[in-house]
Amino acid sequence: MSEFATEVLGENDPEQTEKEAGKVAGVTEIEEGAPWNAVEDAFLRRRSIRKFKKKQVPAHLIRRMLEVGRFAPSQGNCQPWKMVVVRDRDMIEEMEDFCVASCRKIAGMVDYTVYDKGTFARRKTEMMAKLISRSKPNSMHPVPFAAVSLVAQNRFAVFHHPPTIILPLMDTRGIGHPQIDLGIVGTNIVMAAHSLGLGTCWVGLASFLNESPEWRERLEVEEPYEIIEAISVGYPLGKPMRNTVSRETHETVWLEDGKKELIY
Amino acid sequence: MGLLTKKEMKQTPIVDDANDARYGVVEIDLDKCNGCRICTLICPSNVLELFGEKHNRRARIKEGLVMCLACDNCHAICDRDAISIVSGYDFAGRYKQLGRGAPSQPRLEWGKPAAGGYTGTVPQCPAAPEMDGRHD
Ligand SMILES: Cc1cc2nc3c(=O)[nH]c(=O)nc-3n(C[C@H](O)[C@H](O)[C@H](O)COP(=O)(O)O)c2cc1C
Ligand code: SF4
Ligand code: SF4
């Protein structure tokens, strides 16, 4: 270290640094196997909430969440977002109806699961699904396909009838991949909500709104902004954070000391 | 992302064909379940329902096409620890899941089973010929 750096930063003591890092999470020493700290536990227990109580969330809590969002990292600090907050029940139901109708339109074209195998309608819709998957492979992944099908059959909701919806609009001129920055600002908002005892659900199906000039106008979405997702917010029904969940382990490549290991 | 090739297009799995799509699998312990219903209300895939006489209800998986996401949110909310996923989802062809191991609860140490976790399995969707060999 240069003399200047030593003067300003002090001696570089790795142990000290680790202790300082621990302080942020409220612990002083971290050994392997130590219990999850409060921050880690919050991340592990956050769930997508799809059943909300009717009660509205106080406006100051929503502002508090947005404030945590404002300090999210972004590429080149470009902060390529603009927030729209909807707390009007009727409007939320109209947004729901619009997105349900969009799902029905798509399902009408491609949802072969509602027809018996071997029928003409089945063959036609299956062919259409494959054709559309050529240009929109990510939207035609089986999971969103299933979601659209369930919504069209009234077996699943789009926004889940929350008292508040946040639409983080993306400035399409953002640096690099602005979708990443939108994901991070959303994560800040979602985690702040979780820490306040609120529940949230990301809603990718909300992007149908972006294709409607009427909805873009009603929600004050202008060029260069796009609706890419929504975040539903409210008080969760039941105790959805009682248990942590099981999820699949992932192959991880570990490169150290000139060796390569695959761990799960 | 450009246009898929015709070969890739043909690999789009048919979501209601068991050869192409395996969904998450949940196990319900009927001795523990008290039929409180909450899991059936919050399941994002709408695959759970109650059955049985009044005062003796239990949760079960619906008949027909069951597209469980393996999110385990049913387990997260269950007061009785009566339900949990035992396997994730997988699709043949283009959307085959890559590099996955068995599901686990959050692990404080890797390589050891997590406390309170169920022993899971890796789903085995038959691979499309072009994309075989994932689980070698
Ligand atoms: C970008 C994004 C979009 C999503 N869109 C939807 C959606 O439209 N509807 C929905 O019910 N859940 C949606 N989800 C929630 C996921 O289904 C959920 O995160 C996943 O199943 C894991 O469950 P967990 O959030 O409870 O851990 C979305 C999640 C993300 C990150
Ligand atoms: S949440 Fe648990 S106890 Fe309640 S119905 Fe579902 S499995 Fe049974
Ligand atoms: S794991 Fe998720 S999708 Fe599957 S039954 Fe449970 S709540 Fe429903």
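Can you give the calculated 222 nm mean residue ellipticity of chain A, where each DSSP H run of n ≥ 4 adds -39,500 (n - 2.57) and the sum is split over every residue, rounded to the nearest 500 deg cm²/dmol?
Estimated from H runs of four or more residues: -13000 deg cm²/dmol.
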Solvent accessible area, Å² - residue A:81, 1.4 Å probe, full protein context: 40
What whole-number distance in Å separates the alpha-carbon centres of the stretch A:52-121 and the stretch B:26-81? 26
The stretch A:191-247 -> Rg/Rh from Cα coords, Kirkwood Rh, value 1.13
What does the accessible area of residue A:39 come to, in Å² to the nearest 10, when a probe of 1.4 Å is used? 80
Determine the shielding of peptide A:229-241 by partner chains: average, over its residues, the number of Cβ atoms on other chains within 10 angstrom of each Cβ. 2
P(r) for the stretch A:132-264, please, calculated from all Cα pair distances in 10 Å bins and given in %. 10, 27, 36, 19, 7, 1
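Can you give the charge dipole size of the protein assembly as shown about its Cα centre, rounded to the nearest 20 debye, using +1 on the beta carbon of Lys and Arg and -1 on the beta carbon of Asp and Glu? Before the final figure, lay out each step's value.
On the way: 52 positive and 55 negative charges, 414 e Å.
I would put it at about 2000 debye.
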Amide proton proximity set for residue B:21, modelled H, under 5 Å, gap of 5+: B:92
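What's the average, rounded to a whole number, of partner chain beta-carbon atoms within 10 Å of each residue's beta-carbon in B:72-81? Kindly include the intermediate steps, with their values, before the conclusion.
Working: counts 6, 7, 3, 5, 13, 12, 4, 4, 0, 2.
Other-chain Cβ atoms within 10 Å of each residue's Cβ, averaged: 6.
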Along each principal axis, Cα extent of the protein assembly as shown, largest first, Å: 80, 54, 51
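Within 10 Å of each Cβ of B:27-39, how many other protein chain Cβ atoms are there on average?
Working: counts 0, 0, 0, 0, 0, 0, 0, 0, 0, 1, 1, 5, 1.
Going residue by residue through B:27-39 and averaging, the value is 1.
At 10 °C and a viscosity of 1.306 mPa s, what translational diffusion coefficient does Stokes-Einstein give for the stretch A:62-211, taking Rh as the Kirkwood radius over Cα pairs? Give it in µm²/s as a whole number.
Numbers: Rh = 17.2 Å.
Stokes-Einstein gives a translational diffusion coefficient of 92 µm²/s.
Using the Kirkwood radius over C-alpha pairs as Rh, can you work out the diffusion coefficient of the stretch B:24-99 via Stokes-Einstein at 4 °C, viscosity 1.567 mPa s, in µm² per second?
Values: Rh = 13.0 Å.
Estimated via Stokes-Einstein, D reaches 99 µm²/s.
The values are calculated or read from the model by the stated rules, or taken from the named source; none is laboratory data. Values in this document were obtained by computation on a predicted structure and should not be read as measured data. Cβ: placed from backbone, ideal geometry, glycine included. Neighbour counts: every protein chain shown. All accessible areas refer to the heavy atoms of the entire protein, side chains included, with ligands and DNA or RNA removed. Shrake-Rupley method; radii C 1.70, N 1.55, O 1.52, S 1.80 Å.
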